[in-house]
Amino acid sequence: MKTTAIISRLMETAIAAQKHAYCPYSRYRVGAAVLTESGRIFAGANVENASYGLSICAERVAIFNAAARNERTLKAVCIVASAAKPCGACRQVMMEFATKDTVLYLIDLNNATGRRRVTKTTVFKMLPAAFDPIASGLLPPNPRNLLRAK
Ligand code: THU
């Protein structure tokens, strides 16, 4: 499959996932999808809780879904919301499984009009000066780690 077709599948998966958000408290629906190194796509949506702090973002649901299936390298991540931007916690979680090339697509979707605005960036750009345990000598080098590219 061509890259453009794969990326549009990734985006459509994230848009479909947004509909499954469980967000009775914020009413802010977020959908996410990740494309892993093997070419598989995993979806996620935000899932809130009456104890607000236990809520989890869509990005983390998608990434943990992939990681729990042994899919630990992200080629691309897509987030859909009105004014989609990953929170700081999700940026750190993305870094765990990202490479320098992991692409991030932010889709600003207006559900009333159907208008979409797509911003393309990278996980590394979204989290400059990230916590780097290997460079800090806290962990032995791991070939699957994002820091191998440094
Ligand atoms: N949320 C996400 O799912 N992803 C983000 O990037 C930002 C925030 C969720 C968490 C909560 O359910 C709701 O949006 C409002 O903060």
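Tabulated data for the structure shown
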item	result
Mean accessible surface per residue for the stretch 1-84, computed with a 1.4 Å probe while every protein chain stays in place, in Å²	51
Helix-only [θ]222 nm of the chain, DSSP H runs n ≥ 4, -39500 (n - 2.57) each, per residue, nearest 500	-8000 deg cm²/dmol
Environment charge at residue 59 (Cβ cut-off 14 Å; Lys +1, Arg +1, Asp -1, Glu -1)	+3
Entries in 75/100; 2/85; 19/75 that, when Cα-Cα distance is taken, lie over 18 Å	2/85; 19/75
Sorted peptide list for 2-13, 74-85, criterion being average Cβ within 10 angstrom, highest first	74-85, 2-13
Whole-percent carbon and sulfur share, accessible surface of the stretch 49-95, 1.4 Å	52
Most to least packed among 57-67, 117-127, 99-109, 31-41 [average Cβ atoms within 10 Å]	57-67, 31-41, 99-109, 117-127
Relative contact order %, the stretch 3-126, counting alpha carbon pairs below 8 Å whose residues are six or more apart	20
Calculated diffusion of the stretch 10-62, Stokes-Einstein form, Kirkwood radius summed over Cα pairs, 20 °C and 1.002 mPa s, µm²/s	195
Kirkwood hydrodynamic radius over Cα pairs of the chain, then Stokes diffusion coefficient at 37 °C and 0.692 mPa s, in µm²/s	210
The chain - share of DSSP beta bridges that are antiparallel (%, nearest 5)	75
Between the stretch 9-25 and the stretch 62-134, the Cα center-to-center distance that results, in Å	14
Total charge dipole magnitude, the stretch 3-126, about the Cα centre, Cβ charges on Lys, Arg, Asp, Glu only, Debye to nearest 20	260
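The values are calculated or read from the model by the stated rules, or taken from the named source; none is laboratory data. Remember, predicted model here, so these are calculated numbers, not experimental data. Reconstructed Cβ throughout: ideal geometry from the backbone, glycine too, with neighbour counts over all protein chains shown. Surface areas here come from the heavy atoms of the whole protein model, side chains and all, with no ligands, DNA or RNA. Shrake-Rupley method; radii C 1.70, N 1.55, O 1.52, S 1.80 Å.
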